[in-house]
Amino acid sequence: LTSSARSSDELALVERKSASYVDQPLMPKQFHLGMFEIGRPLGKGKFGRVYLARERSSNFICALKVLYKSELQHGSGVEKQVRREIEIQSNLRHPNILKLYGHFHDSKRIFLILEFAGKGELYKHLRRENRFPEWKAAQYIAQMASALRYLHRKHVIHRDIKPENILMGIHGEIKISDFGWSVHAPNNRRATLCGTLDYLPPEMIKSGSNDKWYNEKVDLWSLGVLTYEFLVGEAPFEDTPIMTQKRIARADMTIPEWVSKEAKDLIKRLLVLDPDKRLPLEDVQTHPWIIKHCVKGERAANREKGSCK
Ligand SMILES: CCc1cccc(CC)c1NC(=O)n1cc2c(c1)/C(=N\C(=O)c1ccc(N3CCN(C)CC3)cc1)N=N2
């Protein structure tokens, strides 16, 4: 891992081997850094860095995310927020949600033991391919809808769906991977507008009663923006910050004519100003555009085993 640059298929082998412990990975409740052999850096974000790692006793491959307490602005609530989001993420188990197996900390750092997503960041794949073919976009949106249905059933609203927060597993399945989640109960987290505005729904752009911010329908809007960006290669309201806000508030977007009519229909049913009129997730999963690309004809019978789950 450290010296030998394992090839990804060798890693996949190790992962599959270690997957045999998949139901009780990393059992001990108390973790510490010495339990892990640290591999190559996988990426870094605003607050942290993530490394490939292997838990020594089980050979379990994982990703170790390191957050520096000093960077979490002591006591400003960000550290508490990370703690609360760890609480949420630890209790989630879904094939399209990145697992958090555990966490520990030392005097300076917080360590998160995360599932290893072998194919990295989805947005890099999107930028490299410019845009996804309709069959691939439909499979990703079906997986997102399945993950969001699971989250909403647990009263977790993501509120930060965007390509930068999605990773890809070794089998090409996508995994929502971000701690920006909040429970449905209103929390005092201000929408940090430092990120992109592109994915914000109109109810979060407009001032006025922000109780609508805690309605899970905000994720439906973002799913519509994600669908558009997968197919077109850029976000529907991409513009200067001022113009983006104006266009979001009016749902002012144009869908290129080369996008199929079924895909256009789904985008239009999600990018609706009135949150209550957005297409519910169960109807996204059975939408003609999803069905067309996700269910293999001869296996229509066992529909749920389609490649979109
Ligand atoms: C600290 C980094 C960070 C900040 C903010 C948000 C996020 C979630 C997206 C993260 N990442 C995070 O938490 N991550 C949790 C993770 C994770 C990131 C990860 N894998 C990778 O980052 C990765 C990157 C490139 C890669 N290769 C690229 C080249 N290819 C030829 C072969 C494959 C393969 C895997 N697995 N669990």
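Data for the structure
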| read-out | value |
| --- | --- |
| Sole exception among (1) under 21 Å from the mean Cα position of the chain (by Cα); (2) at pLDDT below 95; (3) crowded, with 17+ Cβ neighbours inside 10 Å for VAL295, by number | (1) |
| Residue tally, condition touching a Phe, Trp or Tyr at 6+ places or on another chain (Cβ under 9 Å), surrounded by 19 or more Cβ atoms within 10 Å (Cβ to Cβ) and under 19 Å from LYS162 (Cα atoms), over region 99-125 | 1 |
| Residue count, region 99-146 (criterion: more than 20 Å from PHE60 (Cα to Cα), under 12 Å from the mean Cα position of the chain (by Cα) and within 14 Å of the ligand (Cβ to nearest atom)) | 3 |
| Checklist (1) surrounded by fewer than 19 Cβ atoms within 10 Å (Cβ to Cβ); (2) of a type outside the set (Phe, Trp, Tyr); (3) near the ligand (Cβ under 10 Å from one of its atoms) applied to ARG153, failing item | (3) |
| Counted residues, region 63-83 - those being assigned to a strand (DSSP E or B) and either in contact with a helix residue (DSSP H, G or I) (Cβ under 9 Å, 6 or more places away or on another chain) or among the charged types (D, E, K, R) (or both) | 3 |
| Qualifying positions in region 221-249 - more than 11 Å from ILE205 (Cα to Cα) and either in a loop (DSSP other than H, G, I, E, B) or among the hydroxyl-bearing types (Ser, Thr, Tyr) (or both) | SER222, THR227, TYR228, GLY233, GLU234, ALA235, PRO236, PHE237, GLU238, ASP239, THR240 |
| Filter result for the condition that a residue is over 30 Å from GLY233 (Cα atoms), crowded, with 17+ Cβ neighbours inside 10 Å and of a type in the set (Asp, Glu), over GLU134, GLU85 | GLU85 |
| Test result for THR227, of a type in the set (Ser, Thr, Tyr), more than 19 Å from the chain's Cα centre (by Cα) and modelled with pLDDT of 95 or more | no |
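The values are calculated or read from the model by the stated rules, or taken from the named source; none is laboratory data. All values reported here derive from a predicted model rather than from experimental measurement. Cβ: placed from backbone, ideal geometry, glycine included. Neighbour counts: every protein chain shown.
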